[in-house]
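Just below is one structure, and these are the notes that go with it.
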Amino acid sequence: MANITKKVSWSSRTDESGATGEGTPLLNGSEQPQYSRQLPGGGSLFHIGRLSTVDLEEEMTSDEDSLRGRPKEIPHNEKLLSLKYESLDYDNSENQLFLEEERRMSFIGFRCLEISRWVVCGLIGFLTGLIACFIDIAVEELAGVKYQVVKQNIEKFTEVGGLSISLILWAVLNSAFVMVGAILVAFFEPIAAGSGIPQIKCYLNGVKVPRVVRLKTLLVKVFGVICSVAGGLAVGKEGPMIHSGAVVAAGVSQGRSTSLKRDFKIFEYFRRDTEKRDFVSAGAAAGVSAAFGAPVGGVLFSLEEGASFWNQMLTWRIFFASMISTFTLNFFLSIYHEKPGDLSSPGLINFGRFESDSVAYNLYEIPIFIVMGAIGGLLGALFNVLNYWLTIFRIRYVHRPCLQVMEAMLVAAVTATVSFAMIYFSNDCQPLGPDHSEEYPLQLFCADGEYNSMATAFFNTPERSVRSLFHNQPGTYNPLTLGMFTLTYFFLACWTYGLTVSAGVFIPSLLIGAAWGRLFGILLAAISPSDSIWADPGKYALIGAASQLGGIVRMTLSLTVIMVEATGNVTYGLPIMLVLMTAKIVGDYFVEGIYDLHIKLQSVPFLHWEAPATSHWLTAREVMSSPVTCFNRLEKVGTIVDVLSNTSTNHNGFPVVVHMTGSDEPAKLCGLILRSQLIVLLKHKVFVELARSRLTHRKLQLKDFRDAYPRFPPIQSIHVSQDERECMMDLTEFMNPTPYTVPQETSLPRVFKLFRALGLRHLVVVDDENRVVGLVTRKDLARYTLGKHGLEELQLAQT
Amino acid sequence: MAPRNVNLFLVALVVGLLNGWASASSDTANLTAPELVGEMTQIPVSSHAVVAESPVFKPAESFFSLNLLAAFPDDLEISEYCTQLLHLFGQRYVTYVNCMVPSARPVKVCQNCFASYGSLGAIYHNISNEMGPGNVSCKDSLLRKDRLMLVFLLYSNLKEIWEISVCDRCVIKDKTQDYLYKGLTTDTLYFMEALNQSLTCFEKFLGNHSELCKQCKITYRDLNELYGRMDKNGTLCIDIEDAMNVTRGLWSKKFNCSFPREETVPVIAVSCFMLFLPIIFYLSSFLHSEQKKRKLIHPKRAKSKTSLMNIQDKFS
């Protein structure tokens, strides 16, 4: 029974290790009983002998095992922790190789490293900007073609009859685009679904989400988002930009692509989790900055999401990457719009300029804004609750890729249908503007020279609709149109988020908010006695958009700055901040933000800022996993191979212990070694006997570890002969000689703080004689949450 | 909005002062380009024009006379040549404004008043650029001697009106003379002809609207298409836009010839069908798809006094 010590899985290799590796599930229903039956007697097979604490409560094992023998299956819910997520190795392993390398490195070498960090950040910004530019142009062109075709068709059939054919044409076109996007995501890279912000949040939190920063993910993401926006879904392209930026950062900083099998032999020093994660935060910032034209907002976004590992120089570099990214996007868009050198279109979404005199606000409007914030919080909570139930249903029942593609297509078709019906039955006609601010005006049954006002909201890409809600003249929309639009778009957007397409929730939220905000403004102007200028609908549209977005995503500082930067108007800082605060307070009363909900639903071991309140009575003894699989400093190769290839325990870190010679007492802790390091050692056959026989044998360097990063080969691909199994391995040089340890009595919040602040992956629990008692990992901490009935414990599950 | 109002008020004020309200109609006939040029050259020239020395205001003198101008001795303030230019400017200004006001509704400011605008522009050009006899320029004395800069202000207001109405697109510039216009463009004339056709057709069937919709459809559609083409070319001025707006209003609102909403049933049917699909989809996936189950895994824990049971006890 001594083998299940902790539940850190080794599963990042699921995709290519294929049938041999993890084709057999770790613990499925058929294997589990067999395994548990082996436990009492079959210990010999796995018995390693160096288990530090073997005999805690031996009596309990029999009935525990029988309980474990029946693998409990439950429907997916949010109270689970998945085994497929691991921690990043943020903490540096200060072994002898590392010290040697540092000694060898000259002063110039360190300066070069610093400079190359800047170069990498510049590249990240540049490439992210280029990708944003590509997405923008592609969406604009594709959507343009689609709307032109549908518009011509509608015009033709308005005259001769047969508008239902136009409706079908529109629905089919939408579905076709979305089908391509959904197939890309569902069949090639499911992790690219959604906005990607939850995944990046997890990554910055220190969770290694499998395949989230791959080149393939980037490609699927980019093309998927183009398809879904061009397909007319109620989605935006801003969230995916953040994910794209993060992938670019992870790729560029490594100086090679494992997928393309190209190694440019540059930036080799950055090939470890610590550096990569710093660059990923820069990439996410660059993505935000390209999406909203908000460089400062981007920096603050990274700060808000990954703030526990931060320093001033990194912040400065991230800001650099953000600026470069906005600038690049700007520059290339100006060329596309045939105004080269005009740098005035900073982001993908451009809220346009709010002229300061017509939309000034007054002190007495502040309470009104706060009320709007509360409405936004309520609506946001409703949105999140609905989406939460929908997502649970999707996880449970709509999990086959073909079903997911079908669902996405259906949503696209229904979106088109609903939009068409709204436009068809709308009686709101407005005269055409002088400068053709309406991109695709639809006349339908309006008088000549007028257009259907509902069509500007529905028959358009969402970005344009937002802009027209912000800036069109008062009187462009009548209240009924806005009300109907808000209602339908709310449900459409709620239904759309969580589909297997890559798409973000920012723009739909803004659009819903802008619509009801504008409605609010119009009604306010109607009830106010004099037609004063203060009830400008555009201003209220902005405030409504901010509050709705705040109510859904619940971001605080960064969202305020993003909104302020996107509007280009600092005077709105105070109202936007107040509105976001109110929305968050009101919304948090009911339910969490949508990103947190989705993180929970994906069973990610996410560590929040602090340990749950009322958890001080829990000590490390209750939290830790125990007993622990340990290795001797001088370990037999066969043992290591056996432990590593035991599929039922996928341990990642192993305390290294020394035995007092001659004494019988348990061994004392002297270091910590990671699975990845052991695999590299096995691959290079660093055995004591071989080293003796081959004197010229090259000494293993840190470079060998970096070359294998980040996809270390699975243990199954390493062949160890029978003779070699008898050899010994000396781990002294490679282990981290100073792992962090805590005594057994440490309270959970203390452990948590240590973990969160240092970005740890393993924390060894020792007794007063420095003997290993247990091991705390991320999943041991993340399982405690504060639920409605006090402290709750999440269960580990195979997903 | 506020500055525009003030400007219009100024215009009206000056018109009133200079000439009184004269009934003026189209002035294209009585002011043609060559005539204007002749008029210009005939301006009497005072060779001994003296440039004003200093713009010092002398308040003492104003007490003696109500006429401020006369109070300055020796025509120090402004030369005779400039006075004449100013006078001429005033006349033409009045002519232009008199032409514009009656053309305000329906808008015909471009076709009716381009000639008077051209002559006004010419005289302003004279004031601002041309050197008079004896190398005297009236630019300084007329245009920017004082804070008000009335002449400049008046002209720039009218110029703004002209620019807003984009009349330049409908009239042809006279190549030989700057600031003067020859006449309407062929596009404009062609449009007017098409418009007239439609209007005659409307008149013919005025009694029977349904018949009108049928009979005039082709001419009206041609007119609409022509308008669309001109819109793309950028050859629309306010006159054409307004004429088209009025015609469209007649067609759609007065005669009710817009397309009726008569396919409600098929549209509703197709919509309902589409809305029905997701319901079927979700129902069938709920009934037929096997629910995804998660296998729970029991982690190894050190047993101690405060186990999970205790947590539940404590908080239940």
Matching residues, region B:92-124, being in contact with an Asp or Glu (Cβ under 7 Å, 6 or more places away or on another chain) and under 14 Å from B:Tyr155 (Cα atoms)
B:Thr95, B:Ser116
Please specify each residue of region B:258-275 satisfying the condition of being more than 7 Å from chain A (Cβ to nearest Cβ) and surrounded by 14 or more Cβ atoms within 10 Å (Cβ to Cβ).
B:Ile268
Just the residues that are of a type in the set (S, T, N, Q) and within 10 Å of chain B (Cβ to nearest Cβ), please, taken from region A:416-434.
A:Thr417, A:Asn427
Only one residue in A:Leu386, A:Leu410 is surrounded by fewer than 20 Cβ atoms within 10 Å (Cβ to Cβ), in a helix (DSSP H, G or I) and at negative phi, so which one is that?
A:Leu386
For region B:261-308 the number of residues that are out of contact with any Leu (no Cβ under 8 Å at 6 or more places or on another chain), modelled with pLDDT of 85 or more and among the small types (Gly, Ala, Ser) is 2
Quick one: how many residues across region B:219-256 are more than 19 Å from B:Leu206 (Cβ to Cβ) and small (Gly, Ala, Ser)?
2
Could you go through region A:201-224 and let me know if any residue there is in a helix (DSSP H, G or I), surrounded by 24 or more Cβ atoms within 10 Å (Cβ to Cβ) and basic (Lys, Arg).
yes
How about region A:258-289: which of its residues are among the acidic types (Asp, Glu) and surrounded by 15 or more Cβ atoms within 10 Å (Cβ to Cβ)?
A:Glu268, A:Asp273, A:Glu275, A:Asp278
Report yes if some residue within region A:451-466 is more than 18 Å from A:Asn174 (Cα to Cα), outside any helix (DSSP H, G or I), out of contact with any Asp or Glu (no Cβ under 7 Å at 6 or more places or on another chain) and among the aromatic types (Phe, Trp, Tyr); otherwise report no.
no
Quick one: in region A:81-102, of everything that is within 14 Å of chain B (Cβ to nearest Cβ) and surrounded by 22 or more Cβ atoms within 10 Å (Cβ to Cβ), which residue is nearest to A:Leu601 (Cα to Cα)?
A:Leu81
Among the listed residues A:Tyr451, A:Tyr397, A:Tyr489, A:Tyr497, identify the single one that is in contact with a Lys or Arg (Cβ under 9 Å, 6 or more places away or on another chain) and hydroxyl-bearing (Ser, Thr, Tyr).
A:Tyr397
Would region A:531-543 turn up any residue that is within 22 Å of A:Ser465 (Cβ to Cβ) and assigned to a loop (DSSP other than H, G, I, E, B)?
yes
When the residues of region A:663-691 are narrowed to those that are part of a loop (DSSP other than H, G, I, E, B) and out of contact with any helix residue (DSSP H, G or I) (no Cβ under 8 Å at 6 or more places or on another chain), which ends up modelled with the highest pLDDT?
A:Val686
Among the candidates A:Val405, A:Val466, single out the residue that is over 25 Å from A:Ala514 (Cα atoms) and more than 10 Å from chain B (Cβ to nearest Cβ).
A:Val405
Checking A:Gly236 against (1) without any contact (Cβ under 8 Å) to a residue 40 or more places away in the chain; (2) buried (at least 24 other Cβ atoms within 10 Å of the Cβ), which single condition isn't satisfied?
(1)
Tell me, yes or no, whether region B:138-153 has at least one residue that is more than 17 Å from the chain's Cα centre (by Cα) and under 30 Å from B:Thr235 (Cβ atoms).
no
Looking only at residues in region A:103-129 that are touching a residue at least 12 places away in the same chain (Cβ under 8 Å) and aliphatic (A, V, I, L, M), which one is surrounded by the most Cβ atoms within 10 Å (Cβ to Cβ)?
A:Ile124
Being within 7 Å of chain B (Cβ to nearest Cβ) and of a type in the set (Gly, Ala, Ser) is the filter here, so list the residues in region A:785-799 that pass it.
A:Gly790, A:Ala797
Quick one: A:Thr556 ticks every box in (1) on the phi < 0 side of the Ramachandran plot; (2) more than 20 Å from the chain's Cα centre (by Cα) except a single one, so which number is it?
(2)
Please tell me if A:Gly551 is surrounded by fewer than 22 Cβ atoms within 10 Å (Cβ to Cβ) and assigned to a helix (DSSP H, G or I).
no
Applying the selection to region A:773-784, what residues are touching a Lys or Arg at 6+ places or on another chain (Cβ under 8 Å) and more than 9 Å from chain B (Cβ to nearest Cβ)?
A:Leu775, A:Thr777, A:Arg778
For region B:237-257 the number of residues that are more than 10 Å from chain A (Cβ to nearest Cβ), out of contact with any His (no Cβ under 9 Å at 6 or more places or on another chain) and either at pLDDT below 85 or outside any helix (DSSP H, G or I) (or both) is 1
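The values are calculated or read from the model by the stated rules, or taken from the named source; none is laboratory data. Source: prediction; values computed, not measured. Because the Cβ atoms are built from the backbone with ideal geometry, glycine has one as well, and the counts that use them run over all protein chains shown.
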